[in-house]
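The values are calculated or read from the model by the stated rules, or taken from the named source; none is laboratory data. Fair warning: this is a prediction, and the values are worked out from it, not measured in the lab. Using ideal geometry, Cβ is built from the backbone for each residue, glycine included, and neighbour counts are taken over all protein chains shown.
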Amino acid sequence: MRRNDLDICADLLNVAKEGAIKTQMVYKANLNFKIIKKYITRLSEYGFLDSEGGRYFTTDKGNRFLTQYHEFTEPFGFSKGIEPQK
């Protein structure tokens with residue numbers, strides 16, 4: 001099953017919760033560098049992702065998105081192990 005944009009965004013935000021460099025995000029989210037650049041730019045522009053010293057971090061806004069994403073997808077069995085922020 002292919003992931004949609006929301007699934008990919010959730011995967012990237014989940015990877016960046018504790019901070020991650022771009023290479024880690026590529027491998028853990030199973031994307032390539034060309035694709036990930038588009039998502040990192042978009043997530044950063046909207047305030048879901050922040051960067052510091054070459055590492056990307058999920059912001060509070062990004063964590064709220066993950067919580068809502070999980071609440072919506074979990075009843076349908078779509079959450080794929082993405083845990084909400086506690």
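Give the residues of the stretch 16-47 that are at pLDDT 95 or above and at positive phi, sorted by residue number.
Those that are at pLDDT 95 or above and at positive phi: 19, 47.
What are the pairs with Cβ atoms under 6 angstrom where one residue, in the stretch 1-27, is without any contact (Cβ under 8 Å) to a residue 24 or more places away in the chain and the other, located anywhere, is assigned to a helix (DSSP H, G or I) and among the charged types (D, E, K, R)? Sequence gap at least six, or different chains.
15/28
Looking at the structure I just gave you, is residue 32 among the polar types (S, T, N, Q) and under 25 Å from residue 77 (Cα atoms)? I'd like the intermediate steps shown before the answer.
Working: among the polar types (S, T, N, Q): yes; under 25 Å from residue 77 (Cα atoms): no.
No.
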